[in-house]
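The values are calculated or read from the model by the stated rules, or taken from the named source; none is laboratory data. Small disclaimer: the values here were computed from a predicted structure and weren't measured. Backbone-built Cβ (ideal geometry, glycine too); neighbour counts: all protein chains shown. All accessible areas refer to the heavy atoms of the entire protein, side chains included, with ligands and DNA or RNA removed. Shrake-Rupley method; radii C 1.70, N 1.55, O 1.52, S 1.80 Å.
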Amino acid sequence: MIELFFPRKHTALCLKSAFFGFYAHTGFVRGLHELGFRPSIITGSSSGAMIGALYATGVDMAEVENMILGLKKSDFWEGNSFTQLGRLIKKGIKGYSGVLTGKATRKLLYPYLGGKKFSELQIHLGVAVSNLTKCKRELITTGNVLDAVMASIAFPFLYEIQKLGEDEFLDGGIGDGEPIKELIMDPSIDRIIIHQINNNRPVSSSMIKRAFDASVQIIDGETEDLKTLLAKEKGKHLIRLETATPYLSPKDFSQSRFALAEGRGTAYKHADQILNKNQMPKLPFPF
């Protein structure tokens, strides 16, 4: 009877794109698990897609934490300057698209995601990708999970362009670092928890690089404002939670443990918001 007056609504989780953000995302997700929170659906972009996919499989996040904290550059970096130069010569300028093929990264993730289909996951998942062939952002929800994640984490010039079928893909963060549009439009969802990372990226000494970085931030800010307006119109509650971390990169991720701890701390700091404590259900009629 109570369902007639208080129809059940669901909470979604979005893990935003962030360069080397998988440490903070892992800490945040582990904190959610320890708090007893379980989302009905997860969406993620880039590093957020990778950790979101691992979380959605139901794997123990402590195991994931141990895996990523044990990472060495040699675990995901392929070859050396000479072998990479050889690959450039072999492919030619027109065929070369990134330093890494992604094979080493795929090998790292295979024990957790290899062979898994979206339909087999314990939590519904959407992975944001940038489809270069169709010139559009897409949210993949079917097919092979590992293939989708590899497409979403293919950071430009670092990873080669990834192919799924006949289409070419790059990092999901290019088209949409915060994939919540489908969540906003879903009538069964009333709250969306968004974890974003301020990675304190240093300002480049290159004017062109600074201009590019600033342009990306401007576009992200504008699209975030538009999503907020859409969410308000649809009656959705967006909870944006930010974790600040030191800048991490393939050259130096020595502070990865600190970044992970900060992400976990963000979950605990906002536990009441996440668990929706002291919130009365909204009445479906005026009074």
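Taking every pair of distinct Cα atoms and averaging 1/r, then inverting, what Kirkwood hydrodynamic radius in Å comes out for the chain? All intermediate terms of the calculation are to be shown ahead of the outcome.
Details: mean 1/r = 0.0505 Å⁻¹.
Taking every pair of different Cα atoms in the chain, averaging 1/r and inverting gives 19.8 Å.
Relative contact order of the chain: 28 percent, from C-alpha pairs under 8 Å at least 6 residues apart in sequence. Of all aspartates and glutamates in the structure, those lying under 13 Å Cα to Cα from LYS117, and not within fewer than 8 positions of it along the same chain, are ASP147.
Taking the range 61-79 and a reference point 7 angstrom along Cα→Cβ of LYS251, the backbone N atoms nearer than 16 Å belong to 73. Largest mean-square fluctuation among LEU13, LEU32, LEU230, in a Gaussian network model of the chain whose springs join Cα atoms under 10 Å apart, belongs to LEU230. Heavy-atom accessible surface of the range 1-92, averaged per residue, reaches 45 Å², computed with a 1.4 Å probe. Taking trypsin sites (Lys or Arg not before Pro) across the range 61-132, the ones in a DSSP loop with at most 13 further Cβ atoms lying within 10 angstrom of their Cβ are LYS72. Rounded to the nearest 0.05, the FRET efficiency derived from the C-beta distance between LYS209 and TYR96 at R0 = 25 Å is 0.75.
Please report, as a whole percent, how much of the solvent-accessible surface of the chain comes from carbon and sulfur atoms (probe radius 1.4 Å). With neighbouring chains kept in place, the figure for the chain is 57 percent.
With r as the distance between the Cβ atoms of LEU229 and PHE258 and R0 = 35 Å, compute the FRET efficiency 1/(1 + (r/R0)^6) and round to 0.05. Plugging the Cβ-Cβ distance into 1/(1 + (r/R0)^6) gives 0.50. Scalar couplings 3J(HN,Hα) for the range 253-261, obtained by applying the Karplus form with A = 6.51, B = -1.76, C = 1.60 to θ = phi - 60°, are 10, 5, 9, 5, 5, 5, 4, 5, 5 Hz; x denotes Gly and Pro. Is the range 174-287 rounded, prolate or oblate when judged by the Cα gyration tensor, a ≥ b ≥ c being the square roots of its eigenvalues, rounded requiring a/c under 1.5 and prolate requiring a/b larger than b/c? Note, shape of the range 174-287 comes out oblate.
Which cross-chain or sequence-distant (5 or more) residues have an amide H under 5 Å from the amide H of HIS10, H modelled 1.01 Å from N in plane? So HIS10 has HN proximity to ILE189, ASP190, ARG191.
Which of the trypsin sites (Lys or Arg not before Pro) across the range 213-266 are loop residues per DSSP, with 14 or fewer other Cβ within 10 Å?
Numbers: sites: LYS227, LYS232, LYS234, LYS236, ARG240, LYS251, ARG257, ARG264; in loops: LYS234, LYS236, LYS251.
Passing both the DSSP loop test and the Cβ count: LYS234, LYS251.
Amide H to amide H distances under 5 Å link ASN198 with THR243, ALA244, THR245, where only residues 5 or more positions off or on other chains count and H is placed in the peptide plane.
Spin-label model, TYR110/GLU166: points 7 Å from Cα along the beta carbon direction are separated by 2.9 nm.
Within the range 100-196, list the GluC sites (Glu not before Pro) lying in a DSSP loop whose Cβ has at most 12 other Cβ atoms in a 10 Å radius. Present the calculation step by step, with values, prior to reporting the outcome.
Details: sites: GLU120, GLU138, GLU160, GLU166, GLU168, GLU182; in loops: GLU160, GLU166.
Sparse-neighbourhood loop GluC sites (Glu not before Pro): GLU166.
Farthest towards the positive end of the charge dipole of the range 48-120, among the residues ILE51, VAL99, LEU85, is the Cα of LEU85, using unit charges on the Cβ of Lys, Arg, Asp and Glu.
What FRET efficiency would be calculated for the residue pair LYS136, SER188, taking the C-beta separation as r and a Förster radius of 22 Å, to the nearest 0.05?
Details: r = 25 Å, r/R0 = 1.14.
Result of the calculation: an efficiency of 0.30.
The distance from the alpha carbon centre of the range 167-208 to that of the range 94-116 is 21 Å, rounded to a whole number. Applying a threshold of 32 Å to the alpha-carbon distances of LYS9/LYS107; LYS232/LYS277; LYS251/LYS277; LYS16/LYS90 flags LYS9/LYS107; LYS251/LYS277; LYS16/LYS90 as lying beyond it. The long axis of helix 22-35 is offset from the longest Cα principal axis of the chain by roughly 30 degrees.
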